[in-house]
Amino acid sequence: MEIKKLENSSVELTLTLSAAKIEEEYTKSIKDYAKKLTMKGFRPGKAPVSLIESKYGAAIREEITFKLMEENLTDSYKDMDAKDRPLPYSTPELQNEESLLPFKPNTDVTYSVVYDVLPEVKLPEYKGLEVEYAASEVTEADVDAEIERLRQQNAMVIAKNGAIAEGDIVTLDYAELDAEGKEIEANKRDNFTFTVGQGYNFYKLDKDIVGMNKGDETVIEKTYGDDSGMGTDYLGKTVKIKVAVKDVKVKEVPELDDDFAQDVKDEYKTVADLKAATEKNLKDAAEESNKAAKLDAVVNALLEKTEIAVPKSMIEAQLEQDWQNFIQRFGMAEEEVMKIMGANGGSKAEFLDSRRADTEKNIKAQLIIEQVKEEQKYEVSEKELEEELSKYGSDITKDNPNYESFKIYAEDDVKFAKARDLLLESNTFKAAAKKED
């Protein structure tokens, strides 16, 4: 086994598969074929091995050799340091396959694969630094905004008797019509619900349905110009959309009074209680935010002095995860989300590209903390382990069949948290001066 380091956190692994192993498997495979194969002029299973070998031997040898190479590669990982093993999302690529073929009898096969590994991180001094960070503060306006959010959150959605207005919640059926006035099934939606004015509908019907009532049906004719935000398929195009309003609802926002305060929480008796508790909650959140800002600041300071070659596979895997999380937030099928994005001039590729630089930076930050964790060689006590496992669920006990796996994750989480705390406790932080408007 030979491991050669390449650029951008990839390696070339060279292995040799012995001729003896190949011939053993080849002989076994030829005999198995002989038992099953039917050849003209011979009873089933009675064709001479030499005849089978002359006709199918090269193909059989190629098939079993590639299979043994794959097994040999997997077995080799057991004898490697963890740092030399491929990342879970990096598929080893066989090099110079053409030069290996055809496989010759009684000959060792030496082959190489290339794959990505965990990047090497050489840290600068990470204690005793003086770092500026962007501090969060809680203002009276923040408190008012949070209380307004609570009012909106506690609003009741009730049926509306009257014409549709901006901000109403509308359910409708719609379908684009073809030149003959027939509905295009691919572009038809039933019981589609959205808030008027937010633009979360493919044909951007918000302004067109204002003034309509529940039960109304109409055909809307629209021409999409340069300012429409539609994709190129609709730009400059005039379409007819059949619309049927199924339901209209409105949000009824509660008054800010003592009754509302009590509805938010039983222990709040007055608006003053609500405001005081809201201010405390925001300050607690600001404290956590400042902790995160300090960590970001010290990690960024370390990044300026650290070269980390993040492999492409690591970035692409994280971007794909970000995309799936984005899709889930919509609560729609991926195709539907992409259709809406396309109508607004966006695409999946644009989404991924817009996040690529930040994703790479976030991965580097994670790797820096991981390296601090490794260098500090933290131990995890039974108490710390139990406390961490309790966050995973009440059923994560030693009787759980997956306990050992959960234990590994929990220990790693505890060590990672200790590394974060070390960076916060071992450095000095100063709130950056606020820029004047």
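The values are calculated or read from the model by the stated rules, or taken from the named source; none is laboratory data. Every value quoted in this text rests on a predicted model; they were computed, and no experiment measured them. Note that we place each Cβ from the backbone using ideal geometry, even for glycine, and neighbour counts take in every protein chain shown. What goes into the accessible areas is simple: the full protein's heavy atoms, side chains included, and nothing from ligands, DNA or RNA. Shrake-Rupley method; radii C 1.70, N 1.55, O 1.52, S 1.80 Å.
Note on mean projected area of the Cα convex hull in nm²: of the candidates (i) 37.0; (ii) 26.1; (iii) 22.4, the value calculated from this structure sits at (i). Protein heavy-atom surface of region 1-132, 1.4 angstrom probe: 49% of the accessible area is carbon and sulfur, with nucleic acids and ligands not counted. When you work out D = kT/(6 pi eta Rh) for region 313-437 at 4 °C and 1.567 mPa s, using the Kirkwood radius from C-alpha pairs as Rh and the Stokes-Einstein form, the result is 70 µm²/s.
Each principal axis of the Cα cloud of region 188-278 was taken in turn, and the coordinate range along them, longest first, works out to 58, 30, 20 Å. Only helices reaching 27 angstrom along their own axis (Cα) with mean Kyte-Doolittle hydropathy no lower than -0.5 count here, and for the DSSP H runs of the chain these are 49-76, 271-303, 403-425.
Note on region 253-280 and region 348-377: Cα centroid distance 41 Å, given to the nearest whole angstrom. The solvent-accessible area of ASP273, taken with every protein chain present and a 1.4 Å probe, is close to 60 Å².
Spin-label model, GLU180 to THR218: label points 7 Å out along the Cα-to-beta-carbon direction sit 2.8 nm apart. Taking only protein heavy atoms and a 1.4 Å probe, what accessible area per residue, in Å², does the chain have with all protein chains in place? Each residue of the chain exposes 62 Å² on average to a 1.4 Å probe.
Projecting the Cα atoms of TYR200, THR270, ALA244 onto the charge dipole of region 189-328 (Cβ charges, centred on the Cα centre) puts ALA244 farthest toward the positive pole. One chain, two ends: THR14 and SER347. Fully extended at 0.36 nm per residue, the span grows by 115.8 nm beyond their Cα-Cα distance. Quick one: go through region 94-108 and flag any residue whose amide nitrogen is under 17 Å from the point 7 Å out along the Cα-to-Cβ line of LYS312. Correct set: 94-96.
Summarising the label geometry, the points placed 7 Å from Cα in the beta-carbon direction at GLU267 and GLU62 lie 7.4 nm from one another. Cα convex hull, region 349-395: 109 Å³ per residue, rounded to a whole number.
Candidates ALA155, ALA58, ASN290 compared by Cα position along the dipole of the chain: farthest toward the positive end lies ALA58, with charges placed on Cβ. Considering helices alone, the calculated mean residue ellipticity of the chain at 222 nm is -15000 deg cm²/dmol, with DSSP H runs of length four and up weighted by -39500 (n - 2.57) and normalised per residue. Spin-label model, ASP32/MET156: points 7 Å from Cα along the beta carbon direction are separated by 7.2 nm. Along the axis of the charge dipole computed for the chain (Cβ charges of +1 for Lys and Arg, -1 for Asp and Glu, origin at the Cα centre), the listed residues SER381, LEU129, ALA432 are led at the positive end by SER381. Among 351-361, 398-408, the peptide with the highest mean count of other Cβ atoms within 10 Å heads the list, and the full ranking is 351-361, 398-408.
Sequentially through region 2-8, phi angles give Karplus couplings (6.51, -1.76, 1.60; θ = phi - 60°) of 9, 10, 10, 6, 10, 6, 6 Hz, Gly and Pro residues having no value and appearing as x. Here the chain is assigned +1 on the Cβ of each Lys and Arg and -1 on the Cβ of each Asp and Glu. Its dipole about the Cα centre then comes out at about 2000 debye.
Within the accessible area of region 207-342, the carbon and sulfur atoms contribute 45%, probe 1.4 Å, all protein chains present. Using the empirical formula 2.2 N^0.38 Å as the baseline, the Cα radius of gyration of region 144-251 reaches a ratio of 1.20.
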